[in-house]
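Scroll down for the structure; my scribbles are underneath it.
The values are calculated or read from the model by the stated rules, or taken from the named source; none is laboratory data. No experiment lies behind these values; they were computed from the predicted model shown. We place every Cβ from the backbone using ideal geometry, glycine too, and count neighbours over all the protein chains shown. SASA here: full protein model, heavy atoms, side chains in, ligands and nucleic acids out. Shrake-Rupley method; radii C 1.70, N 1.55, O 1.52, S 1.80 Å.
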Amino acid sequence: MMEEGGTEFNTYPVVRRVNSNHTIIMDADMETAIRTFPNMRTKPYTPLIFRILLRLNVRVLFLLLLIAFGAIFYIGARTSPIIVFVISVCILSFLLSIYLIKWVLAKDEGPPEMVQISDAIRDGAEGFFRTQYGSISKMAMLLALVILFIYLFRTITPQQEASGIGRSTSAYITVAAFLLGALCSGFAGYVGMWVSVRANVRVSSAARRSAREALQIATRAGGLSAIIVVGMAVIGIAVLYATFYVWLGVDSPGSMKVTDLPLLLVGYGFGASFVALFAQLGGGIFTKAADVGADLVGKVEQGIPEDDPRNPAVIADLVGDNVGDCAARGADLFESIAAEIVSAMILGGTMAQRCKIEDPSGFILFPLVVHSFDLIVSSIGIFSIKGTRGSGVMALAEDPMAILQRGYSITIVLAVLAFGVSTRWLLYTEQAPSAWFNFALCGLVGITTAYIFVWITMYYTDYKYEPVRTLALSSSTGHGTNIIAGVSLGLESTALPVLVISVSIISAFWLGQTAGLVDETGNPTGGLFGTAVATMGMLSTAAYILTMDMFGPIADNAGGIVEMSQQPESVREITDILDAVGNTTKATTKGFAIGSAALASFLLFSAYMDEVSTFAREPFKQVDIAIPEIFVGGLLGSMLIFVFSAWACSAVGRTAQEVVNEVRRQFIERPGIMDYKEKPDYARCVAIVASASLREMIKPGALAIISPIVVGFVFRILGHYTGHPLLGAKVVAAFLMFGTVSGILMALFLNTAGGAWDNAKKYIETGALGGKGSEAHKAAITGDTVGDPFKDTAGPSLHVLIKLLSTITLVMAPIFL
């Protein structure tokens, strides 16, 4: 026996397959060298707050939690029974997540070589997360000071003036909400990463026994992250709302009206969007630069399999899956839910005020209740996926995608029922007894839109359908035809989603408008709130959607661990199946995110116009693009989308070049790597990608934040001298409108094209068109390489950018006037 780092290895020669053409024999010394992986850091990272909590006595910790929950429930009870219901559901969901944590961590981690690889991935991911979020937190504090300065010198609304809320109070409230939103968004990202780096090795180990067990572990691990992320978004807004309600004495004589309270929450959505953008940019650059570098040198130049332990960039690639696809996506969905809830609360309060509804709390708190039911129905959907007895690939009696789709169908049916109950409970009013039914139909429109979006994206990205197979066939005639076919597929794929979004917005607006709610002059006022309800319907299964999204990178990591630890081919077959399904689920959830971003942005745009009208104390209901300055604002908004996408993709390209050069250098200077006689320097590649991605994320992120502020301020000055006081606000509205439309189309193109290229490669790797190593496979790898920054960096960052533009204009509206 031979011992290395406390781990024993057999001394008999081991035969390992290099590719389909030849094998290589290596002895135990080589095997040991390959199977020992260095830690990227000296000790695992645990956030400060968790280190403090872990040092506390269990009884003291229990007492502190009891006091905290008691205070939260007391504030909730002082506010509304609805808040108590929301907080209760969130806490029960957190208890369920604790059960899931214990269930996932109870699964075995497999042999020592799997654990070593998993530890290297975990240390790399946690090290990068710590550095990245340290940089983001510094930028967030700087921006908080800017917001404080602006709000201390801005004008206040008539409602705030009447209720006695001065500039300083308004400033501190907005900054506190911004920092809380940023903190919660960062925590959501940490949860996604924490779960994925612990679940990946357990899925790998389960794949040695049963495909269905591996599927169940990956799904429940993804569900654990999803429940915590959605629960954090909901309880964060609920507690903030209740705290402001009690502190400001809302609805008491001479104080703020409850219908104006949601405007104080816009900082929360902005903070969440701010963190999500930089998390998505940094994580996306990291994961795709490492992936591109590993594929170009390893698979194309050296002809070694994906995730082969001889590839120096393979650990960086696997780390990237966690920081890009898990941490960033957790923060992304968190800010989607936060922005949608805040905008819907604002519109609900505005409509209730115009209609003189006696108790407007139901219309304001309705989004929180919808997402509370989301936690319940999604949990049922997650637990509907069970393991089965048996072993090997045959234990998976049906397509894993079909199993996940069945869970989604269960969630959808329950969501429809829950939505009907919610609308009847909260949106029933004597002024319009049938209005709740119209709004329930609006919710059904949103739920149907989400379902259709998932299927459209699946059609264009799953290799079971014609578009991806046609793309794969184009690879047989070369690299150029593959690129042409992929670009054309991505462009075509924008049509159906746009038609679905258009029908959804018009249908929901019409249903809301005909609900029977009218203002003092008899004009119907429910149209915008109808679109808000449709958006809530679309996001009413967000926890299950995030579960499917998290499933992808966990399965991908599991496949990498299996390949690097050189498990039998039958185990790799199982993880390959799950990985291919994960690619499809990631693509479908990105399509879902774009659709929800489109609807949420429409709401935020309406909320922006209402806020400008409030501050300006004059109507602001339309934007005339025939005015040259306003048309120019629209052009600048569209330009931002293209420049932002270009900078995001070029950031991946520059970082990937560094990785390619490093991997080539190691293969040249360490020729024994290919014969398993020398071990690659994995840590060097991780360090290169980490430092480069942190550097590269600044420029596109700064562009996104500064552009609307500069445009609004410059045209405000121009309007002042030309006698048009609202010019700055109108130009920003056009900037926002054009940027949103261009961003939706660009994100659809990038996400779908990238996902299709990826699965075309996966389809060929199943043995079609010559299989691995064929000329068609090499062309498909080129297409996948081109698509990597599309689908995992620029595309996901764009739908975060769309909502960031909306929230930043809401927060910064006073400086445009």
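So here's what we get for this one:
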quantity	calculated
Ordering of 264-275, 100-111 by packing [mean C-beta count within 10 Å, highest first]	264-275, 100-111
Largest to smallest accessible area among TYR245, TYR172 [probe 1.4 Å]	TYR172, TYR245
Area accessible to solvent at LYS791, 1.4 Å probe radius, in Å²	10
Probe 1.4 Å, accessible area per residue of the range 425-526, Å²	47
The range 491-630: translational diffusion in µm²/s, Stokes-Einstein, Kirkwood Rh over Cα pairs, 4 °C, 1.567 mPa s	69
Mean Cβ neighbour count within 10 Å, used as a protection proxy, ranking 407-413, 331-337, 311-317 highest first	331-337, 311-317, 407-413
Packing-based ranking, highest mean first, of 424-435, 466-477 given that Cβ atoms within 10 Å are counted	466-477, 424-435
For the chain, share of DSSP beta bridges that run antiparallel, in % to the nearest 5	90
Rg/Rg_globular for the range 585-628, with Rg_globular taken as 2.2 N^0.38 Å and Rg from C-alpha atoms	1.67
Solvent-accessible surface (1.4 angstrom probe) belonging to ARG406, in square angstrom, nearest 10	110
Cα-based shape type of the range 168-236, given that a ≥ b ≥ c are square roots of the gyration tensor eigenvalues and the cut on a/c is 1.5	prolate
Subset of LYS772/LYS803; LYS386/LYS590; LYS679/LYS699; LYS288/LYS679; LYS621/LYS803; LYS107/LYS778 violating a 32 Å alpha-carbon distance limit	LYS772/LYS803; LYS679/LYS699; LYS107/LYS778
Cα-based radius of gyration of the range 239-330 once divided by 2.2 N^0.38 Å, which approximates compact folds	1.91
List LYS138, LYS803, ordered by accessible area with a 1.4 Å probe, largest first	LYS138, LYS803
The range 68-183, Cα convex hull volume normalised per residue, Å³	139
Fraction of alpha-carbon pairs over 26 Å apart in the range 576-691 - percent	57
Rg/Rh ratio calculated on Cα atoms of the chain (Kirkwood radius)	0.98
Local net charge near TRP103, Cβ-Cβ under 11 Å (Lys/Arg +1, Asp/Glu -1)	+4
Value at 222 nm in deg cm²/dmol, rounded to 500, when DSSP H runs of n ≥ 4 in the chain each add -39,500 (n - 2.57)	-26000 deg cm²/dmol
